[in-house]
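**Q** Structure in structure tokens, see below.
The values are calculated or read from the model by the stated rules, or taken from the named source; none is laboratory data. Model, not experiment: these values are computed from the prediction. Counting neighbours? That spans all protein chains shown, and the Cβs are built from the backbone with ideal geometry, glycine included.
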């Protein structure tokens, strides 16, 4: 396996791949890989000649009081997982090479970043957009794979790609879940056993919201407030859960819906103990 | 001559050029072409297999009270000039294709944009960085040519290219001047005859600053204030000139210098009537 550390080396390597007309599938990650990431890798392998996985915990997307330092890392295990998936090329830059002294350029995707997670994490998506653009510029023309679990991230990235004419096809893959429905996330490793049990409340609330919407559909208009109320009720029954937001939103603009009509995303962010978890469900009505 | 209007058509065309291993020289302009632009085109022709010139008056780099509407345009003449230079490919998009409804992504290059022209034109360089990144993403790997006259713009673009790993080599070419020293600019067309005469005060002030610096050099430290004072004195003698700034700055960071030592840029922005003109000189001491 080829592990490349330097951005310019990676860029030159990808340029050569393109000259050979090899299609590139690119999976950007922050490491601590799990089945969610691996599902992206497998899809990328199926659809491209070469797969590149980047492993980089991006400091720019963590707020000052967030979990950058304690964010879980296990590079050796990541590499061994990627080897068993047949990945041959990993990009693993240092923060000091991605953000050298005097670094000053940031990308702002307005509107879609001011909603949902953007409200409590004001600089988060600026950091996400910036690192993703940097990685896309290094890798160049490619298909890039993201998980639906970070739904707002996929909206921001797709919007940026369109607006800046980045030569990238963004592919969004379904959320991978544990047997009890918990969306797989690196941050699940923070959870104590009782918190891990409580964390299933996220998917339970989403499913309750979906069920309420489907129940109301035959009666005419489906008020979004009734759907989010159904989600809230489930969350209130879990004493360890502290709700940050519960919303029914337009899947493209992320604007809060008043009525559900057509496609909608049900989304929530909940703290279980010190751990902030997010999840979402796309539904059609 | 091939005039392409649509971003995605241009991107596909450039992708093909690269597959044929043709090197691309790219000259982004706002049209109303003059000898300054043509010097960039000639240099690009010398150094590349194909030259692309873009003509696009970028609304995002004009402030709300600036001259977007009255900015001079003459597309027919531009095309005839480019034909006589042997340019075969022009990109001429519509504003509604570059900034379609709901456009939301902007690039901020911090620090170097907060100085010189950035102080009076707070959103200007955000607009410049954004359009240049968009054009670079459309054209792809290339050498791109900019005039030194818009010196701060060249610093912002080079910084953005480095920070975002854009696959572009930025080439900065000398300012082209009229016989009497006035830097050639599309905005010179705004000047009434008496204003045109008065406008030579910019280069006179820069040369006076340079002369003062060279005069002081043998006496030890060269105080920047003495150099800018010499420039100010020249400007004060021209009653039609209203000074916006006069500075001696570090050529890389654009930070104001206290002492001149090594390379420096002398830069100024001056209003002659309603027309805002800028100019600069790089000097070594």
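**Q** Considering only residues that are within 20 Å of residue B:36 (Cβ to Cβ) and at the interface with another protein chain (Cβ under 9 Å from one of its Cβ atoms), which ones fall in the stretch B:123-141?
**A** B:135
**Q** So how many residues does the stretch A:261-285 have that are at pLDDT 95 or above and within 18 Å of residue A:213 (Cβ to Cβ)?
**A** 11
**Q** Continuing with this model, one more query. Given the options B:83, B:46, name the one that is more than 18 Å from the chain's Cα centre (by Cα), more than 14 Å from chain A (Cβ to nearest Cβ), part of a helix (DSSP H, G or I) and free of Cβ contacts under 8 Å to residues at least 24 places away in the same chain.
**A** Working: B:83 fails: free of Cβ contacts under 8 Å to residues at least 24 places away in the same chain.
Checking each option against the conditions leaves just B:46.
**Q** To continue, here is another question. Given the options A:212, A:195, A:236, name the one that is farther than 30 Å from residue B:97 by Cα, at pLDDT 95 or above and either in contact with a strand residue (DSSP E or B) (Cβ under 7 Å, 6 or more places away or on another chain) or not assigned by TED's automatic domain parsing to the domain that holds residue A:252 (or both).
**A** Step by step, each of A:212, A:195, A:236 is checked, and only A:195 is farther than 30 Å from residue B:97 by Cα, at pLDDT 95 or above and either in contact with a strand residue (DSSP E or B) (Cβ under 7 Å, 6 or more places away or on another chain) or not assigned by TED's automatic domain parsing to the domain that holds residue A:252 (or both).
**Q** Quick check, is residue A:151 touching a residue at least 12 places away in the same chain (Cβ under 8 Å) and touching a strand residue (DSSP E or B) at 6+ places or on another chain (Cβ under 7 Å)? Before you say what the answer is, go through the steps one by one.
**A** On the way: touching a residue at least 12 places away in the same chain (Cβ under 8 Å): yes; touching a strand residue (DSSP E or B) at 6+ places or on another chain (Cβ under 7 Å): yes.
The answer is yes for residue A:151.
**Q** In the list A:161, A:222, A:168, which residue meets the criterion of being over 27 Å from residue B:8 (Cα atoms) and either buried (at least 18 other Cβ atoms within 10 Å of the Cβ) or modelled with pLDDT of 95 or more (or both)?
**A** Answer to the selection: A:222.
**Q** Taking the residues in the stretch A:16-32 that are assigned to a loop (DSSP other than H, G, I, E, B) and more than 18 Å from residue B:20 (Cα to Cα) as candidates, determine which candidate is farthest from the other protein chains (Cβ to nearest Cβ).
**A** Let us first name the residues in the stretch A:16-32 that are assigned to a loop (DSSP other than H, G, I, E, B), namely A:20-23, A:30-32.
Restricting the remaining residues to those that are more than 18 Å from residue B:20 (Cα to Cα) gives A:30-32.
Numbers: A:30: 19, A:31: 20, A:32: 25 Å.
That would be A:32.
**Q** Another one. Return yes when residue B:219 is touching a strand residue (DSSP E or B) at 6+ places or on another chain (Cβ under 9 Å) and over 19 Å from residue B:268 (Cβ atoms) and no when it is not.
**A** no
**Q** Look at residue B:129 and say whether it is in the same structural domain as residue B:16 (by TED's automatic domain parsing), without any contact (Cβ under 8 Å) to a residue 40 or more places away in the chain and within 14 Å of the chain's Cα centre (by Cα).
**A** Judged against the criteria, residue B:129 is a match.
**Q** Are any residues in the stretch B:232-262 surrounded by fewer than 19 Cβ atoms within 10 Å (Cβ to Cβ), more than 17 Å from residue B:112 (Cα to Cα) and under 22 Å from the mean Cα position of the chain (by Cα), and if so, which ones?
**A** The answer is B:242, B:243, B:244.
**Q** Based on this model, can you work out whether residue B:36 counts as modelled with pLDDT of 95 or more, on the phi > 0 side of the Ramachandran plot and either within 20 Å of the chain's Cα centre (by Cα) or surrounded by fewer than 19 Cβ atoms within 10 Å (Cβ to Cβ) (or both)?
**A** Criteria not met by residue B:36.
**Q** Checking the conditions here, which among B:144, B:120, B:185 is away from chain A (no Cβ under 14 Å) and surrounded by fewer than 18 Cβ atoms within 10 Å (Cβ to Cβ)?
**A** B:120
**Q** Within the group A:13, A:8, which residue is within 13 Å of chain B (Cβ to nearest Cβ) and touching a helix residue (DSSP H, G or I) at 6+ places or on another chain (Cβ under 9 Å)?
**A** One residue alone meets the criteria, A:8.
**Q** Just one of (1) under 28 Å from residue B:15 (Cβ atoms); (2) touching a residue at least 12 places away in the same chain (Cβ under 8 Å); (3) within 11 Å of chain A (Cβ to nearest Cβ); (4) touching a strand residue (DSSP E or B) at 6+ places or on another chain (Cβ under 6 Å) trips up residue B:90, so point out which.
**A** (3)
**Q** Scan the stretch A:96-106 and tell me whether some residue there is in contact (Cβ under 8 Å) with a residue 12 or more places away in the chain, in a loop (DSSP other than H, G, I, E, B) and more than 10 Å from chain B (Cβ to nearest Cβ).
**A** Quick first cut of the stretch A:96-106, residues in contact (Cβ under 8 Å) with a residue 12 or more places away in the chain only: A:97-99, A:105-106.
Right, trim to in a loop (DSSP other than H, G, I, E, B) and you get A:99.
Checking the rest, the ones that are also more than 10 Å from chain B (Cβ to nearest Cβ) come to none.
The answer is no, given that none of the residues of the stretch A:96-106 is in contact (Cβ under 8 Å) with a residue 12 or more places away in the chain, in a loop (DSSP other than H, G, I, E, B) and more than 10 Å from chain B (Cβ to nearest Cβ).
**Q** Filter the stretch A:107-117 down to the residues that are at the interface with chain B (Cβ under 8 Å from one of its Cβ atoms), outside any strand (DSSP E or B) and at negative phi and list them by number.
**A** Scanning the stretch A:107-117 gives A:110, A:112.
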